[in-house]
Structures are given as C-alpha cells and as structure tokens.
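Data block below; observations after.
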Amino acid sequence: MNFSALPKIELHCHLDGSLRPETIIDIARREGISIPSFEMKEIQKELIAPLECESLNEYLKRFAIPNLVMQSKENLRRITFELFADAAEENVKYMEVRFAPLLHMAKGLDVEDIIQSVLDGMKDAKNQYDIKGNLILSCMRTMSLASAFEVVEKGKSFLGKGVVAIDLCSSEEEGFCGKFVEPIALARKYGYRVTIHAGETGIGKNVLEAVELLGAERIGHGIFIKDCIEAYNIVKEKRVVLEMCPTSNVQTKAVNHFSEHPIYQFHKDGIKVTINTDNRTVSNTTMANECKIVFNEFNISHENYKQIYLTSIEACFADSETKEKLKKYM
C-alpha cells in the first residue's frame, strides 16, 4: 500500500518537536546561535530520540535545541510554514499544531506576536498547499498557575482566527489536573476547546480527572486507561477521543514494543482513536510512517482506516464547512 497517498488528518503534533534539522542549522549559522554541531548527522543525533529512551523526561530533553531558534517572529513563521508544507507533501489534509507560546519569549517577543507569527506561517502554507489547519495553545504543567492564565487570556483574541483549543503538556505527575481547574474552566468559558495530555506515563487516573475536572474532549495519548477501569469507562461512555502516537509511545516507554500498543484493541472495543506523529523530528517519523506501523502491526483493513479517518474529522476542532470538505477526500 502507498501510505503517502492515503488522505490523512493529524490532531496531535508539536511545533517545537517538528523542525527540519537543516532549518535549525541555517538559523543558528545566520544568527550566531550556539548549537552542539553544524553537521547534519551530528545535529540529528541531538534532535532524534532513540526508540530505547528510558522515559518521557529523557524524550523531552530533545526540545532544548529547537527552542533556541524559535525566538523571533520570522523564524516562528518559517518553521510553521515548513511543518505544514512537509505534512501537505504526504497528503495530510488537515492538521492541528500545538505549541507553548511562553517558551518563545527569551528574546523579548510578547505572547500575541508569538501566536500571530505561527498563524501567519500556517496561512502561508494554506495559500500554497492543499492543507488546512488550526492551532492549539499549550500550557506547561511545569510552569506556574499564573502562566496558564496568561496563555488563556492572551490567546483569547485569536479564537475564531486560527486558535481553537487549550492543552496541558510536559512531564506528567499524578493529580496534576486539580492544579489547573480554574484556568481551564476560564478557557472553556471563553470558547476554547479542550485537549489534555494524560495517561502517557502510567497514570490512568489522570485521564479520568482530565475528563471530570477539566472537561477534556480529547486526550493526548491516554495509553494507561488500560490499567484504570474508571478512566477506560468514562472515555468510552463520553466518546472522548484519544490522540495516539505509536512511535512516540514506544520511545517514551508508554509501551515497550509496537505490537503491545493498545490502539487497535481500543478501536475494536469502540473507543475513539486517532493516528498522529506527536513530534515529527524528535520521533523521526511522518504520518505515512505512523499509518504504516498501524497497518503492519495490526493488519488493519482499509475500512478500519476509513473509520479512524472519519473519527479524526469528528474530533477535530475545525468548523463544519472544513469537516464536510475533509470527508470528500476519503
């Protein structure tokens, strides 16, 4: 099967985990930014996490270098454009990209300029390729409660203009949802949709709390609902959609091998699942590759894939007109 030719929708992709290595080298050279190497093979070693990662925290260390070159409006716009261009080349028709605006203030940019620059890059790609997209604003769980409120407040004016949702990401600790009830409730009041990273590192109860306390409509990863019956049941009953990322999940040791990934078992049991890259560069993957893994490991049919594609349309935070257009590709 030609996996590149399949129409695709991606709902879980981090901007800072998906930079072209050559772009990092180019920007660093031009701007005099210190990086470990200007040789492609060497910088790739720094950027790409091995399948033998020991944990999520080891995986997250790969984001330090990309962040160095994401501190100007021009660079953010270019990097976003390139991500959407790369996705369009493998027949991704719609993509929701997430990023944490507060990580890009090191050289004096304000949050509004940061968000606008990413939106501009997305618009540039839309004008040049057959791809549409929206942005999800991520709040870092490692930052203060005030920082989450800041992202919610400053992103508010971009709702309906390309920003669609709020997210919580970074390292996962048990019970994190309780800390963020107020800012996420405010986000919902303003009209943000809600997707939360949870259940990625062995804590299924976090998924239960993300749904009950934060009103999560989608869950980033959600692997460990398999070990928490209450979380499993609420995801199934409320039709909460899981944004699953097979390669990333092996790297972070959410599962040890692709064959152990629960995506197909969840799908067969009626849980809503989607296929995503998480981080194209850090995981050295594409949507075509993730589809290939799922097809080959679980011998899924084209009809199974069509169901997952349609689930992705239902779950995406696009308007109804965009959703109707996306249905026509399959």
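The numbers here are math on the coordinates, done by the rules we state, and not lab data. Note that the structure is a prediction, hence the values are computed from the model and not measured. Glycine gets a Cβ as well: all are built from the backbone with ideal geometry, and neighbour counts include every protein chain shown.
Electrostatic bookkeeping for Lys238 treats Lys and Arg as +1 and Asp and Glu as -1; over the other residues with beta carbon under 13 Å from its beta carbon, the sum is 0. Here the calculated FRET efficiency for Glu303 and His257, from their Cβ-Cβ distance with R0 = 25 Å, stands at 0.45, rounded to the nearest 0.05.
Selection among Phe38, Gln128, Leu83 by position relative to the dipole of the chain gives Gln128 as farthest towards the positive end (Cβ unit charges, Cα centre).
Its residue count N sets the reference 2.2 N^0.38 Å, and the alpha-carbon radius of gyration of segment 220-329 equals 1.05 times that reference.
Remark: relative contact order (the chain) = 21 percent; criterion is Cα-Cα distance under 8 angstrom and separation of 6 or more residues. Can you tell me how much longer the chain between Ser157 and Val181 gets when fully stretched, taken as 0.36 nm per residue apart minus their C-alpha distance, in nm with one decimal? Length difference between fully extended and current span is 6.5 nm. You can think of it this way: the chain between Met1 and Phe38 has 9.6 nm of extra reach, that is 0.36 nm per residue less the Cα-Cα gap. Comparing Asn206, Asn276, Asn127 in a Gaussian network model of the chain, where Cα atoms under 10 Å apart are tied by springs, the biggest mean-square fluctuation is seen for Asn127. With a Förster radius of 30 Å, plug the Cβ-Cβ distance of Phe149 and Lys323 into 1/(1 + (r/R0)^6) and report the FRET value to the nearest 0.05. E(calc), rounded to 0.05, equals 0.45. Label positions at Met105 and Asn127, each projected 7 Å from the Cα along the C-beta direction, are separated by 3.0 nm. Taking trypsin sites (Lys or Arg not before Pro) across segment 234-330, the ones in a DSSP loop with at most 14 further Cβ atoms lying within 10 angstrom of their Cβ are Lys238, Arg239, Lys328. Taking segment 166-251, which GluC sites (Glu not before Pro) meet the DSSP loop condition and have no more than 14 other C-beta atoms within 10 Å? Here the GluC sites (Glu not before Pro) that fit, given the DSSP loop and packing criteria, are Glu173, Glu174.
Among beta bridges from DSSP that stay inside the chain, the antiparallel ones total about 0%. On the beta carbon distance between Asp269 and Glu314, with R0 = 25 Å, the FRET formula returns roughly 0.90. Give, as ranges by residue number, the residues of segment 297-311 whose backbone N falls under 17 Å from the point 7 Å along Cα→Cβ of Leu51. Those under the cut-off are 297-299.
The GluC sites (Glu not before Pro) found in segment 1-66 that occupy coil by DSSP, while having at most 16 further C-beta atoms within 10 Å, are Glu39, Glu52, Glu54.
Simple spin-label model, 7 Å along Cα-to-Cβ: Tyr190 to Ser171 in nm? Modelled inter-label distance: 2.8 nm.
Under the shape rule built on the C-alpha gyration tensor, where the axes satisfy a ≥ b ≥ c, segment 1-148 is rounded, since a/c falls short of 1.5. Picking from Ile115, His267, Asn256, whose Cα lies most toward the positive end of the charge dipole for segment 8-327 (charges on Cβ: Lys, Arg +1; Asp, Glu -1)? Of the options given, the answer is Ile115.
Only helical runs count toward this figure. For the chain, summing -39,500 (n - 2.57) over DSSP H runs of n ≥ 4 and dividing by all residues gives -13500 deg cm²/dmol at 222 nm.
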